[in-house]
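This report refers to the structure that appears directly beneath it.
Read-outs: derived from the displayed coordinates by stated rules, not from any lab. Predicted model only: the values in this text are computed from it and were never measured. Here the Cβ positions follow ideal geometry from the backbone for every residue, glycine too, while neighbour counts run over all protein chains shown.
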Amino acid sequence: MLAQSSLNNRGGSLVEIVVIAGIIVGSLAVILGLAAFFLATSQVVQQTSQATALAQEALEIVRNIRDGTEWSVDGLGTFTLGDLYHPEQLGGPPPEWTLVAGSETIDEFARQIVFEEVYRDGSDNIYPSGGSLDPDTVKTVAVVSWEERGRTHRVELVAYFTNWR
């Protein structure tokens, strides 16, 4: 009897070891899956932060151009509404900026600026459509997009610039 009881214990111990090994392997798979998910999420967050900075920079450049030019001569009032533009540095101390037709690529990001019409209601508030066209204000949309693992991501910032002079 003693020999048979010892044999059953060995079989039971082997089953316990297999079950424990399965639990450990399953736990490791879950941990590795979570780690991969968090790394991918971290990368998207970092890219979104970079894209936001590029879009903010584009709007600051447009503001700089607006402040340093004459609205209807060589300023924001001369750009074609709906067309794509991107900033380009002309050089010289201090550096000057201009807007060039098309979009630009910075590392993995595509950046573009689009100007749109602005309408105002009877109280002179900006109105989505209808109302009266305000020729001294442009809606400026800075768009930065990029691809990540087959998915397209996009950051879009909007600012309104007026002919303040």
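A few comments on the model shown:
- Residue among Phe37, Phe79 that alone is buried (at least 16 other Cβ atoms within 10 Å of the Cβ) and of a type in the set (Phe, Trp, Tyr): Phe79
Yes/no per residue for (1) on the phi > 0 side of the Ramachandran plot; (2) surrounded by 11 or more Cβ atoms within 10 Å (Cβ to Cβ):
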site	(1), (2)
Gln89	no, no
Asp107	yes, no
Gln112	no, yes
Tyr119	no, yes
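- Scan of the range 140-156 for residues that are closer than 22 Å to Gly68 by Cα and within 15 Å of the chain's Cα centre (by Cα), ordered by number: Val141, Ala142
- Residue list for the range 49-69, filter: over 25 Å from the mean Cα position of the chain (by Cα) and in contact (Cβ under 8 Å) with a residue 12 or more places away in the chain: Gly68
- Subset of the range 140-163 (residues that are of a type in the set (S, T, N, Q) and surrounded by 13 or more Cβ atoms within 10 Å (Cβ to Cβ)): Thr140, Ser145, Thr162, Asn163
- Residues of the range 114-153 classified as touching a residue at least 40 places away in the same chain (Cβ under 8 Å) and either assigned to a strand (DSSP E or B) or under 30 Å from Gln46 (Cβ atoms) (or both), total: 10
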